[in-house]
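The values are calculated or read from the model by the stated rules, or taken from the named source; none is laboratory data. Since the model is a prediction, treat every value here as computed from it, not as a measurement. Ideal geometry is used to build each Cβ from the backbone, glycine not excepted, and the neighbour counts take in all protein chains shown. These accessible areas exclude ligands, DNA and RNA; they are computed on the full protein's heavy atoms, side chains included. Shrake-Rupley method; radii C 1.70, N 1.55, O 1.52, S 1.80 Å.
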Amino acid sequence: SGINAEYGDNMFGFTVLSLLIQLTHSVSVTSIIVETGTGKHDGTEDTLTMTIYGSKRDAERISIGKGFTAGLRRTISRSTPDIGTPECVVFQTSGDDLWVPKEVTLNTIDGLSFSFLNSRGFGLSNMEKMTSGWAAAIGFCTPITESTAGKPRTCTIKTRTSRTKHAETDNCLLVPRIYGEHGVVLGESMDRMNHDDFKPGALDTFTYQNMQNVGKVKCLSFNVLRGDDAWLFSSATVQCDGESVKTFRNSQNQWLSYDVSEGVRFIKMC
């Protein structure tokens, strides 16, 4: 089930063209411009949602509607609170119909614009076809500058599920974020194809190839995108090419769940 995290091309590998601003700047999104690809099957009638991850807070599961025709450029009015500098955006779909975005732009109340280009032509669909570059969630993060950018690299995330009663999960879609000294990068969802992840006490390994190089790893976070089951992990490690293993511990025994009555949807460890 889910996305094969060992697939060679990073599903969150969009090229991002944005206005670089200070991290302290307040950013409230007022509209979203979505341009769908021009391919014969790039459009969709399914309902799409997006989550904007900001340096101050997240704007979760914003519905941007349906009816995204191939080649169409649509402006959607949506308001968010002050999220700080946008770090990452993730799109999800309600159905199996393929959607291939070409470009997405966030416009803010202060007249700033953040444009994201789907340079690799990845598609969004719950009918995952990895050989075609489809995924159940696609997203992108803010760029690092050319002066600090390194060559793409392979990163491995390992998680240890707790042995506490009910700590395991089989219905919790998680997306990791790796924070480096030069930026942030998203990994594909942590749900390997044909593999039962997150069993009690299990060590699960997720390998991400061709990830943008954001420098020395500083922090790791997990976001829950959907699901009706909670998960408790004891620790996680990150190792990227050329670096030693970085270990993060869930010292507060924080449960993760999309249901906020069972846990939190986001945890960040540094």
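Considered as a group, the residues in region 63-91 that are in a strand (DSSP E or B) and free of Cβ contacts under 8 Å to residues at least 24 places away in the same chain include one that is farthest from the chain's Cα centre (by Cα), and that residue is Gly65.
Would you call Ser63 of a type in the set (Ser, Thr, Tyr), modelled with pLDDT of 80 or more and open to solvent by less than 30 Å² (accessible area, probe 1.4 Å)?
In short, no.
Here the strands (runs of 3 or more DSSP E) wholly within region 177-256 that include at least 2 residues being open to solvent by 70 Å² or more (accessible area, probe 1.4 Å) and of a type in the set (D, E, K, R) are 217-227, 246-249.
The listed residues are Ser119, Ser79, and the only one of them that is open to solvent by 30 Å² or more (accessible area, probe 1.4 Å) and modelled with pLDDT of 80 or more turns out to be Ser79. How about region 154-210: which of its residues are of a type in the set (A, V, I, L, M, F, W, C) and over 19 Å from the mean Cα position of the chain (by Cα)? Hits for region 154-210 are Ala167, Phe198, Ala202, Leu203.
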